[in-house]
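In what follows, a single structure is set out as structure tokens and then discussed.
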Amino acid sequence: MNAPLLSIRGVRKSFGPRQVLSLDVLELAVGESYVLTGENGSGKSTLLRVLAGLEKAAVDGCTFDGCPVDLANYPEWLRGAVIYVHQHPYLFRGSIRDNVAYGLKARGMSADKREVLIREAIAWAGVDALLDVPAQRLSGGEKQRVALARARALSPRLFLLDEPTANLDEAARQQTLRLIRDLCQANSTVVLACHDREIIDLPHMHRLHMSRGAIEASHPQAASA
Ligand SMILES: Nc1ncnc2c1ncn2[C@@H]1O[C@H](COP(=O)(O)OP(=O)(O)OP(=O)(O)O)[C@@H](O)[C@H]1O
Ligand SMILES: [Mg+2]
């Protein structure tokens, strides 16, 4: 197994009186891919959102690349290293180019460099023809692919993908699957929450099964979704 990228111990999260996360240990290794399975409501999205700093939780300890991090006071540098892609990605008003450019601009990248990365990401996602189309006009499948392109352009160390193929028709699902396969083969670490059998069965995918807020077992190919 590769070196750990993210290690987290003792994660608890409640909404009112209801505890929705109660996790002892989770370790994600550099360059590995993980699929989070489990029934509706088992805590998959909540866990991803905690890891992305979008939801606060009580955490006993967390390290990223060996550095201790406080997820409750999510450090700015970690926001650049961890990207969460929502099941229904939010694209803001403007073109696809604007959407992909946004995060790069925020990093202070020059327009020339941005353009190279934007074109590369858009071509990767197979949405080149849509570069100047207003984001609001896109289909669900196109939005998902643009969101993956936008995330990839930022070269994060950790991708957190929440049900990227849910609610897509078969053609769009296959296009998205191709991108996911590609991300999983690259050097980043990928965690996907999903019920999609084809993703669960991808080669080298580590399976993390959640039940009532806990990770039950990691059994690479054995159990069902
Ligand atoms: N903001 C919130 N307020 C109250 N309860 C919440 C909130 N967000 C999530 N929950 C509850 O936390 C539990 C875990 O939800 P979560 O969305 O993490 O499940 P999931 O495993 O992603 O489910 P699904 O497969 O349906 O996406 C659920 O019971 C849900 O109702
Ligand atoms: Mg969910």
- prompt: What pairs can you find where one residue is in the range 26-54 and under 18 Å from Phe64 (Cβ atoms), the other is small (Gly, Ala, Ser) and part of a strand (DSSP E or B), and their Cβ atoms are less than 7 Å apart, with a gap of 6+ or different chains?
  reply: Glu27/Ser7; Leu48/Ala193
field: Sole exception among (1) on the phi < 0 side of the Ramachandran plot; (2) without any contact (Cβ under 8 Å) to a residue 12 or more places away in the chain; (3) assigned to a loop (DSSP other than H, G, I, E, B) for Arg93, by number
entry: (2)
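Scan the range 12-34 and give yes if some residue there is within 16 Å of ligand 1 (Cβ to nearest atom), β-branched (Val, Ile, Thr), in contact with a helix residue (DSSP H, G or I) (Cβ under 6 Å, 6 or more places away or on another chain) and at pLDDT 95 or above, otherwise no. Spell out how you get there, then give the answer.
Here is the first cut: in the range 12-34, the ones within 16 Å of ligand 1 (Cβ to nearest atom) are 12-23, 26, 34.
Subset that is β-branched (Val, Ile, Thr): 20.
Imposing the further condition that a residue be in contact with a helix residue (DSSP H, G or I) (Cβ under 6 Å, 6 or more places away or on another chain) reduces the set to 20.
Then drop every residue that is not at pLDDT 95 or above, which leaves 20.
Yes - at least one qualifying residue is present in the range 12-34.
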query: Inside the range 82-128, can you point out the residues that are farther than 11 Å from Val146 by Cα, away from ligand 1 (no atom under 16 Å from the Cβ) and within 17 Å of the chain's Cα centre (by Cα)?
result: Val82, Ile83, Gly103
message: For the range 58-117, give me each residue that is surrounded by 12 or more Cβ atoms within 10 Å (Cβ to Cβ) and hydroxyl-bearing (Ser, Thr, Tyr).
response: Thr63, Tyr74, Tyr84, Ser95, Tyr102
message: So in the range 43-57, with the set limited to residues that are more than 13 Å from Asp162 (Cβ to Cβ) and buried (at least 17 other Cβ atoms within 10 Å of the Cβ), which one is nearest to ligand 1 (Cβ to nearest atom)?
response: Ala57
- request: Test Leu192 against the stated conditions and say whether it is of a type in the set (A, V, I, L, M, F, W, C) and either in contact with a Ser or Thr (Cβ under 8 Å, 6 or more places away or on another chain) or under 25 Å from Ala3 (Cα atoms) (or both).
  value: yes
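The values are calculated or read from the model by the stated rules, or taken from the named source; none is laboratory data. Computed from a predicted structure; not experimentally measured. Quick reminder, even Gly has a Cβ in these numbers, built from the backbone with ideal geometry, and neighbours come from all protein chains shown.
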